[in-house]
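Just so you know, all these numbers are worked out from the coordinates, no wet-lab data involved. Keep in mind the model is a prediction, meaning the values are calculated, not measured. Don't worry about glycine lacking a Cβ; one is built from the backbone with ideal geometry, like all the others, and counts go over all protein chains shown.
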Amino acid sequence: MGSRHRVQEIGLAYHIIIKAVAGVRAFPDSYHRSRYLEFFAEEIVKSDWRCLGYTVLGTHVHLVVELRDLTLSSGFQRLHSTYAKWFNRRHARAGALWQARYYDVMIESDFQFLETQRYVALNAVRAGLAERPEDWPYCHYGAVVGSFAPDPLVDEDAILRLLGRNRRQARLRFQEYVDEPDPRRRRQMFLRGASDRAQTPAARARRAKRA
């Protein structure tokens, strides 16, 4: 069976997941995670992406990018091929590093965007790598809520504007949203903030299509 066709749409954000082959820790330590993020930073420029989030774990990585050109497939093929070649050289190994082509989810609503942010932020906690999501240094979340210095990879304004126009208040709302385990309460939080919410990438893209 052939690979599914990837739908690319300029102005929309995508959640990207890539996993290493069974038994291989593609990101075993801080050096490997930092090296991957260096390659990712280079690819953001080459592919003209807007980075809206990431987390690098032990065996896999989650990325959130907004397309400003039709570079979803070409960019991620190049990024993961570059890292795989570097990893294989460093470890004197041969063969595939990744299970398969990356998996992508198009983000089509503001609520889906927030839920994706929460999912990415909590990955390190669920993997047992950190007690709190803001403690994991290889994720954008800590910088967005103010636990770390601003992350040069991430357009945090594009994230925080979904939570309100006041930056400090938006940081607090973002942290409250990620910490809330009840999906019904998260939906209520999302709806309550509608009047104070600025336009997100998904909303802007939908509005442009209707024009």
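Taking 8 Å as the Cα distance limit and 6 or more residues as the minimum spacing, I'd like the relative contact order of the chain as a percentage.
On the way: 303 pairs, mean separation 50.2, N = 211.
Contact order relative to length: 24 percent.
Annotation for residue 17 and residue 92: the two label points, set 7 Å from Cα along the Cα-Cβ direction, are 3.5 nm apart. Is the C-alpha gyration tensor of the stretch 82-157 telling us rounded, prolate or oblate? Criteria: a/c under 1.5 is rounded; beyond that, a/b larger than b/c is prolate, otherwise oblate. Cα axes put the stretch 82-157 in the prolate bin. Fewest-first ordering of 180, 131 by other beta carbons within 10 Å of each residue's beta carbon gives 131, 180. Placing a pseudo-label 7 Å from each Cα along the Cα-to-Cβ vector at residue 50 and residue 176 gives an inter-label distance of 2.5 nm.
Think of the chain as having a plus end and a minus end, set by charges on the Cβ of Lys, Arg, Asp and Glu; of 91, 136, 102, 102 sits farthest toward the positive end of this dipole. Each eigenvalue of the Cα gyration tensor of the chain, multiplied by 5 and square-rooted, gives one semi-axis; in descending order these are 29, 21, 15 Å.
Using 0.36 nm per residue, how much length does the chain from residue 7 to residue 35 gain when fully extended, once their Cα-Cα distance is taken away? Present the calculation step by step, with values, prior to reporting the outcome.
On the way: separation 28, 0.36 × 28 = 10.08 nm, distance 2.89 nm.
Full-extension gain reported as 7.2 nm.
Going from the fewest other Cβ atoms within 10 Å to the most, the residues 55, 71, 82 appear in the order 82, 71, 55.
DSSP H helices in the chain with Cα extent of 30 Å or more along the helix axis and mean Kyte-Doolittle hydropathy at least 0.0?
Details: long enough: none.
Going by DSSP H runs, there are no hits.
Applying 1/(1 + (r/R0)^6) with R0 = 30 Å to the Cβ-Cβ distance of residue 189 and residue 78 gives a FRET efficiency near 0.20.
Taking the Cβ of each residue in 74, 47 as the centre, tally the other Cβ atoms inside 10 Å and list the residues starting with the fewest. All intermediate terms of the calculation are to be shown ahead of the outcome.
On the way: 74 14, 47 20.
Fewest to most other Cβ atoms nearby, the residues stand as 74, 47.
Determine the relative contact order of the stretch 88-150: mean sequence separation of Cα pairs under 8 Å and six or more apart, normalised by residue count, in whole percent. List each step's numbers first, then the result.
Values: 33 pairs, mean separation 9.3, N = 63.
It comes to 15 percent, rounded to a whole number.
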